[in-house]
Amino acid sequence: MNFSSVLAEKMLFGGKCLAKIGGKSVMVEGALPGERLEVEITKSLPDYDEAKVVKVLEPSPHRAAPACPLCGKCGGCDFMFIESDFQTELKKKVLADLAERAGLEIPQIQVLAGEPFGYRSRFQLHDGGLEERKSNNVVPIENCPVAVPQINEWLKATPMEERPKGRGLLFAWKSAEPELSFALDSPRAPSNEGKPQNSGKNKGKKRGNKKPPSRFEGIAQDAQCPVQIELCGKKILFDARGFFQSNIALLEKAVPLIMEGLAGKNALDLYSGAGTFSAFLADKFENVVMVEQNRLSLVYAERNLAGRPHESYGISGADFAKRNARLLSERLGGFDALVVDPPRSGIEREALDWICESGIPAIKYLSCNPSTQVRDLKRLSEAGYKIEEFWLLDFYPQTSHLESFSTCIKK
């Protein structure tokens, strides 16, 4: 084995630290800036190497004992060896570095954070356990420090042999009553991506709203697996197998931040998902337009917007920009605000082109991948938008994953 001593320099986007061996960059997993480490090269590429820590020779004062015996073994919580407060500081530096590398000027980064443990409502299981890191092996689990108490109660009460095989998704939320909503399934719901849905005004026609499951619902075999939560006073319905934020407590803090300062006649919710933000936009605007290519998500969005003036388009952001955006904007007299929450790939090129020329006065941009967000913000900045706010949204403590949020105003 070939071991080397290195000095970890800075944290990179993705959770690895930069070091150097003979002038060549090395990405070290499980390291903290300023630490002296003994590492082993695990992968060698032309431009850089990847390495793992063999021994910490000079530890950082911010290195902490993990709160979980599975840390480093299961596929999650890759930051659990770092003090919680320092994790946030590292993430702020990563965001600032991403913006600097993109040539983007941003205001001082603000932080929205919550509890470092016991926050996660959505839990993915593989044959009843967790997937081992960089492996398909199953790791048995009875307790997870980042999971909400209701999930840990279920894990403790349900032996591994009684849990469903395959991929399962468990969502638990404690309502004010209190009552538990659980949804667990093995098959994944079809996305129907690319199949357009007719758009138009919805006058409140009900579409057979199912009662959300209570307590332990077991395995859902049909195409829907509904969960209903109360978010900032509103009941939001969604499919547990589609995307929904796992940290509900922090989402409750984020919604007022995203809605702050918005009001007018028409609002556009691009990549609307189940219509979570649209439900709040409907309180501030006369009409809301939702664009979401996952038709299953849009079904729930329709339910969440029932009785509120809105239009919905079951197509991609790119197709919306090419087919509908200009004519719709002319018909409505323009949009007063845009809320955009794209996938990790960021705003599609066609959609971003249209946004830049649209002149929408206020844009609220929520991102699960800041590297693509700063790319998009650079374009918006060049198109005459001023970035008024930039936030780190720490939805996933104990992990290197970070989300960000910006407010952009047309100059």
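Computed values, structure above
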{"read-out": "Region 1-108 shape via C-alpha gyration tensor axes, a/c threshold 1.5", "value": "oblate"}
{"read-out": "For the chain, built as a Gaussian network whose Cα springs stay under 10 Å, the top-fluctuating residue of Lys253, Lys378, Lys156", "value": "Lys156"}
{"read-out": "Heavy-atom accessible surface of the chain: percent carbon and sulfur, 1.4 Å", "value": "49 percent"}
{"read-out": "Centroid-to-centroid separation of region 260-283 and region 64-78 [C-alpha atoms, Å]", "value": "38 Å"}
{"read-out": "Accessible area, probe 1.4 Å, largest first, for residues His310, His126", "value": "His126, His310"}
{"read-out": "³J(HN,Hα) computed for each position of region 52-62 - Karplus, 6.51 cos²θ - 1.76 cosθ + 1.60, integer Hz, glycine/proline x", "value": "10, 6, 9, 8, 8, 7, 10, x, 6, x, 9"}
{"read-out": "Whether region 256-385 is rounded, prolate or oblate, judged on the alpha carbon gyration tensor where a/c under 1.5 counts as rounded", "value": "rounded"}
{"read-out": "Over 27 Å between alpha carbons, listed pairs Lys91/Lys284; Lys284/Lys386; Lys93/Lys284; Lys322/Lys364", "value": "Lys91/Lys284; Lys93/Lys284"}
{"read-out": "Under 5 Å, built H, 5+ apart or other chain: amide partners of Lys20", "value": "Leu7, Val26"}
{"read-out": "Rounded to 5, the percent of DSSP beta bridges in the chain classed as antiparallel", "value": "65 percent"}
{"read-out": "Residues whose placed amide H lies under 5 Å from that of Cys74, excluding near-sequence neighbours", "value": "Arg133"}
{"read-out": "The chain - Rg over Rh from alpha carbon coordinates, Kirkwood radius", "value": "0.98"}
{"read-out": "Amide H contacts of Ala31 (H built 1.01 Å from N, under 5 Å, at least 5 apart or other chain)", "value": "Cys17"}
{"read-out": "Accessible area per residue, Å², region 269-343 with all protein chains present, probe 1.4 Å", "value": "31 Å²"}
{"read-out": "Virtual paramagnetic centre 7 Å along Cα→Cβ of Gln110, amide N under 18 Å, in region 392-411", "value": "392-395, 403-410"}
{"read-out": "Restraint check, Lys55/Lys134; Lys16/Lys378; Lys378/Lys411, Cα-Cα greater than 18 Å", "value": "Lys55/Lys134; Lys16/Lys378"}
{"read-out": "With all protein chains modelled, accessible area of Leu7 [1.4 Å, Å²]", "value": "80 Å²"}
{"read-out": "The chain: angle of helix 349-358 to the longest principal axis, Cα-based, in degrees nearest 10", "value": "50 degrees"}
{"read-out": "Degrees, to the nearest 10: 370-382 long Cα axis against longest axis of the chain", "value": "50 degrees"}
{"read-out": "Note, ³J(HN,Hα) from phi for region 286-291, Karplus 6.51, -1.76, 1.60, rounded to Hz, x at Gly and Pro", "value": "6, 8, 10, 10, 10, 10"}
{"read-out": "Degrees, to the nearest 10: 295-304 long Cα axis against longest axis of the chain", "value": "60 degrees"}
{"read-out": "Local net charge near Asp78, Cβ-Cβ under 10 Å (Lys/Arg +1, Asp/Glu -1)", "value": "+1"}
{"read-out": "Neighbour net charge for Glu50 - beta-carbon separation under 9 angstrom, K R +1, D E -1", "value": "+1"}
{"read-out": "Label point distance in nm, Glu153-Gln124, each placed 7 Å from Cα along Cα→Cβ", "value": "2.6 nm"}
{"read-out": "Gyration tensor (alpha-carbon) shape descriptor, region 66-160, a/c threshold 1.5", "value": "prolate"}
{"read-out": "Accessible area per residue, Å², region 1-155 with all protein chains present, probe 1.4 Å", "value": "51 Å²"}
{"read-out": "In sequence order, calculated HN-Hα J values of region 84-98 (Karplus, 6.51, -1.76, 1.60; Hz; x Gly/Pro)", "value": "4, 4, 6, 4, 4, 5, 5, 5, 4, 5, 4, 4, 4, 5, 4"}
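The values are calculated or read from the model by the stated rules, or taken from the named source; none is laboratory data. Here the structure is a predicted model, which is why all the values come from computation and not from measurement. Every residue, glycine as well, gets a Cβ built from its backbone with ideal geometry; the counts of neighbours run over all protein chains shown. Ligands, DNA and RNA are stripped out before the accessible areas are found, and what is left, the full protein with its side chains, is counted by its heavy atoms. Shrake-Rupley method; radii C 1.70, N 1.55, O 1.52, S 1.80 Å.
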